[in-house]
Amino acid sequence: ASGSAAASKQAVRITGEMDAKLAGRIVRRWQTIKAEALGGQYKSDVLDEILDGAMLDQWKQRAQDVKSAGWFWEYNLVGLSVDSVIVSKGSNHALIEARLQESAQLYHRGQSSHTDAFRSTYSVRYEMHRDDAKSAWKIVGGAVLKDDNKAASSQRQVSKQS
């Protein structure tokens, strides 16, 4: 049991030439890390495995705000499709557009809040970079392009912007 716990704490580095399959792996990993950072264990130390720059700073602050408020989110990625991958600047920068479907439940001090639960489908654009061909890809920017659930609450908008 302790071996599997140690293995789950190891950083996952996603390297290789960018294509739709790799982009999907990165986005899935980001969604897993987002769930860990904003979840009940508050594992914000894993954010730097997949984020960098301003995006890392933004999500570290978000995780701290959630923890300080006594909240946590339980996220589940329901579906993911990569719509486009554009690689530029010597193959070390990429723009990814994807469509995600996720569900989430907000908890306050361990109690479920049924009014702050959602299932959402949205399109997102991620900017990714790597320092060189041997380093891991990281997300440095993200924006929601289209949210199919227009009646979203402001908390949901803040918590799942990308």
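Report yes if Ala136 is more than 25 Å from Ile14 (Cα to Cα), at pLDDT 90 or above and of a type outside the set (D, E, K, R), otherwise no.
Values: more than 25 Å from Ile14 (Cα to Cα): no; at pLDDT 90 or above: yes; of a type outside the set (D, E, K, R): yes.
No.
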Identity of the residue in region 19-36, touching a Leu at 6+ places or on another chain (Cβ under 9 Å) and open to solvent by 30 Å² or more (accessible area, probe 1.4 Å), that ends up farthest from Ile139 (Cα to Cα): Glu36
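When residues of region 108-128 are filtered for being under 21 Å from Leu47 (Cα atoms) and either hydroxyl-bearing (Ser, Thr, Tyr) or touching a Phe, Trp or Tyr at 6+ places or on another chain (Cβ under 7 Å) (or both), how many remain? Break it down into steps so the answer makes sense when it comes.
The first filter runs over region 108-128 and keeps only residues under 21 Å from Leu47 (Cα atoms), leaving 124-128.
From the residues that got through so far, the ones that are either hydroxyl-bearing (Ser, Thr, Tyr) or touching a Phe, Trp or Tyr at 6+ places or on another chain (Cβ under 7 Å) (or both) too are 126, 128.
Number satisfying all stated conditions: 2.
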Of the criteria (1) open to solvent by less than 60 Å² (accessible area, probe 1.4 Å); (2) touching a residue at least 60 places away in the same chain (Cβ under 8 Å); (3) not hydrophobic (A, V, I, L, M, F, W, C), which one Gly39 fails: (2)
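A quick yes/no check of all residues on (1) closer than 16 Å to Thr32 by Cα; (2) at pLDDT 95 or above; (3) assigned to a loop (DSSP other than H, G, I, E, B); (4) under 13 Å from the mean Cα position of the chain (by Cα):
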residue	(1), (2), (3), (4)
Lys60	yes, yes, no, yes
Gln64	no, yes, no, no
Val78	yes, yes, no, no
Ala94	no, yes, no, no
Thr115	no, no, no, no
Phe118	no, no, no, no
Lys150	no, no, yes, no
Gln155	no, no, no, no
Ser162	yes, no, yes, yes
Selection from region 19-50 of residues that are over 15 Å from Gln105 (Cα atoms) and small (Gly, Ala, Ser): Ala20, Ala23, Gly24, Ser44
Failed condition for Trp71, given (1) among the aromatic types (Phe, Trp, Tyr); (2) in contact with a His (Cβ under 6 Å, 6 or more places away or on another chain); (3) surrounded by fewer than 18 Cβ atoms within 10 Å (Cβ to Cβ): (3)
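Among the listed residues Gly3, Gly16, which satisfies the condition of being at pLDDT below 95, within 23 Å of Ala136 (Cα to Cα), surrounded by fewer than 16 Cβ atoms within 10 Å (Cβ to Cβ) and out of contact with any strand residue (DSSP E or B) (no Cβ under 8 Å at 6 or more places or on another chain)?
Working: Gly3 fails: within 23 Å of Ala136 (Cα to Cα).
Going through Gly3, Gly16 in turn, just one is at pLDDT below 95, within 23 Å of Ala136 (Cα to Cα), surrounded by fewer than 16 Cβ atoms within 10 Å (Cβ to Cβ) and out of contact with any strand residue (DSSP E or B) (no Cβ under 8 Å at 6 or more places or on another chain): Gly16.
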Tabulated pairs, region 97-108, first closer than 10 Å to Leu77 by Cβ, second of a type in the set (Val, Ile, Thr) and in a strand (DSSP E or B), C-beta under 8 angstrom, 6+ apart or interchain: Leu100/Thr121; Leu100/Val124; Gln101/Val78; Gln101/Thr121; Glu102/Val78; Ser103/Val78
Answer residue from region 97-113, given it is within 23 Å of Lys146 (Cβ to Cβ) and polar (S, T, N, Q) and is modelled with the highest pLDDT among those: Gln101
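The values are calculated or read from the model by the stated rules, or taken from the named source; none is laboratory data. These numbers come from a predicted model, not from an experiment. Because the Cβ atoms are built from the backbone with ideal geometry, glycine has one as well, and the counts that use them run over all protein chains shown. Protein only, heavy atoms only, side chains kept; ligands, DNA and RNA dropped before computing areas. Shrake-Rupley method; radii C 1.70, N 1.55, O 1.52, S 1.80 Å.
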